[in-house]
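The values are calculated or read from the model by the stated rules, or taken from the named source; none is laboratory data. None of the values given here were measured: they were computed from a predicted structure. Cβ coordinates were reconstructed from backbone atoms using ideal geometry, including for glycine residues, and neighbour counts include every protein chain displayed.
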Amino acid sequence: MLELRLVQGSLLKKVLESIKDLVNDANFDCSATGFSLQAMDSSHVALVALLLRSEGFEHYRCDRNISMGMNLGNMAKMLKCAGNDDIITLKADDGSDTVTFMFESPTQDKIADFEMRLMDIDSEHLGIPEAEYHAILIMPSAEFARICKDLSSIGDTVVISVTKEGVKFSTRGDIGTANVVCRQNTTVDKPEEATVIEMPEPVSLTFALRYLNSFTKATPLSNTVTISLSSEIPVVVEYKIAEMGYIRFYLAPKIEE
Amino acid sequence: KATQIVLTSFFRPN
């Protein structure tokens, strides 16, 4: 028997909006520790890892570890029917081939039930080694989204270079080139507006902008984004989910011939 | 020309 009750239902709505265009079908894994997902996009270039810890739910009952295969587009359609202030409860009986999403309005005067068929998805979990990152960038998530969007109107590949001066995002295309430099800036009124660069050593990597733009769909989840870079390994773009967990996107680099 | 690498070159199946 699985019953997860999330008072801040809008978090689950936002999570689905941020992954439904990157991954079509995925297994949600439920265990005593929490509700998680790990899935690659169809080209195996990007991976999303989601964790919502059990403590973040008002009520978390998971009698045994189960994995539920879902079509994320359909799940997003159902969650779209939940109000932003609704409490969302996810229920599944043992051995059932459906999952039920229950939406309760804050005043409990409206209760909705949406039942979705589960799918068999054979996806293998990848081992993601803990890495020492050469540069860790923490910046306002809206700013990162704006940079990715602006640069993708000029080119389809971005070179992200981190030096002690700051971080530079560069692209080039048919109409010309673009460079955006963000300097470390910690003298801000609110901490979430700071740009922090922890850079044990300079690093420069090349990525496809369309994936980074897809990742920035998670911007509504967090005011800040953490971008961890190391030479020759995938970048991690992480959005914390308020006291519950995180959504992490991994993107393999493009290597200059 | 930059070549896109795939993630499975970095992350092994468990």
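Remarks
- Of the residues making up the range A:82-119, those that are of a type in the set (A, V, I, L, M, F, W, C) and closer than 25 Å to A:Asn65 by Cβ are A:Ile87, A:Ile88, A:Leu90, A:Ala92, A:Val99, A:Phe101, A:Met102, A:Phe114, A:Met116, A:Leu118, A:Met119.
- The set of residues in the range A:115-159 that are out of contact with any strand residue (DSSP E or B) (no Cβ under 7 Å at 6 or more places or on another chain), under 30 Å from A:Gly83 (Cβ atoms) and free of Cβ contacts under 8 Å to residues at least 24 places away in the same chain contains only A:Arg146.
- Test: A:Lys190 is surrounded by fewer than 17 Cβ atoms within 10 Å (Cβ to Cβ) and over 18 Å from the mean Cα position of the chain (by Cα): yes
- Residues that are closer than 18 Å to A:Val15 by Cβ, among the charged types (D, E, K, R) and modelled with pLDDT under 95, drawn from the range A:203-257: A:Glu243
- All strands (runs of 3 or more DSSP E) inside the range A:145-257 with 2 or more residues being within 14 Å of chain B (Cβ to nearest Cβ): A:157-162, A:166-173, A:203-208, A:224-229, A:235-241, A:245-251, A:254-256
- Condition met for A:Ala112 (surrounded by fewer than 16 Cβ atoms within 10 Å (Cβ to Cβ), in contact (Cβ under 8 Å) with a residue 12 or more places away in the chain and in a loop (DSSP other than H, G, I, E, B)): no
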